[in-house]
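Each remark here refers to the structure printed beneath this line.
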Amino acid sequence: MKTIVKFEEKDNVAVVLVDSKENQEFCLGGEKIVSIEKIPYGHKIALQEMKKGDTVYKYGEPVARCTSDIEKGSWVHVHNVESIRGLGHR
């Protein structure tokens with residue numbers, strides 16, 4: 001059973017398909033991803049380290065900009081990104 005899903009190769013986040021616990025291990029394409037905090041079902045997990053100002057890609061499209069540095073395995077949500085969807089950013 002898949003517990004995280006990445007939609008496109010370009011994506012730097014995946015969607016968690018379970019309520020994740022801290023230090024929960026996931027496997028995605030042979031790579032181990034470990035959640036560093038609780039992540040609710042349906043929310044995004046960082047697949048790589050991202051810096052403040054970096055673009056978040058989901059579905060192969062830019063969807064948000066990081067408002068702070070984000071560690072691999074972190075919950076990616078409104079506390080550390082701002083949406084750019086519909087604003088014409090690329």
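Only the coordinates and a few stated rules stand behind these numbers; no lab work does. For clarity, every value in this text was computed on a predicted model and none was experimentally measured. All Cβ positions, even for glycine, are placed from backbone atoms using ideal geometry, and neighbour counts span all protein chains on display.
Potential lengthening of the chain between L17 and E71 amounts to 17.5 nm, from the contour at 0.36 nm per residue minus the alpha-carbon distance.
Which residues in segment 32-69 place their backbone N less than 20 Å from a point set 7 Å from the Cα of V78 along the Cα-to-Cβ direction? 38-46, 53, 56-58, 63-69, by backbone N distance to the label point. Across segment 16-32, coupling constants 3J(HN,Hα) worked out from phi with the 6.51/-1.76/1.60 Karplus curve, θ = phi - 60°, read 7, 9, 9, 6, 7, 9, 4, 6, 6, 8, 10, 10, 9, x, x, 9, 8 Hz, and Gly and Pro carry x. Figure legend: label point modelled 7 angstrom from the Cα of F7 along Cα→Cβ; residues of segment 29-50 with amide N under 14 Å from it are 42-45.
3J(HN,Hα) couplings calculated from phi for segment 46-59 with the Karplus curve 6.51 cos²θ - 1.76 cosθ + 1.60 (θ = phi - 60°) are, in sequence order, 6, 8, 7, 5, 10, 9, 3, x, 5, 8, 9, 10, 9, 6 Hz; Gly and Pro show x.
A prolate overall shape is assigned to the chain, the ratio a/c of its alpha-carbon gyration tensor axes (a ≥ b ≥ c) being 1.5 or greater and a/b exceeding b/c. As a length-normalised measure over Cα pairs under 8 Å and 6 or more apart, the relative contact order of segment 1-54 settles at 34 percent.
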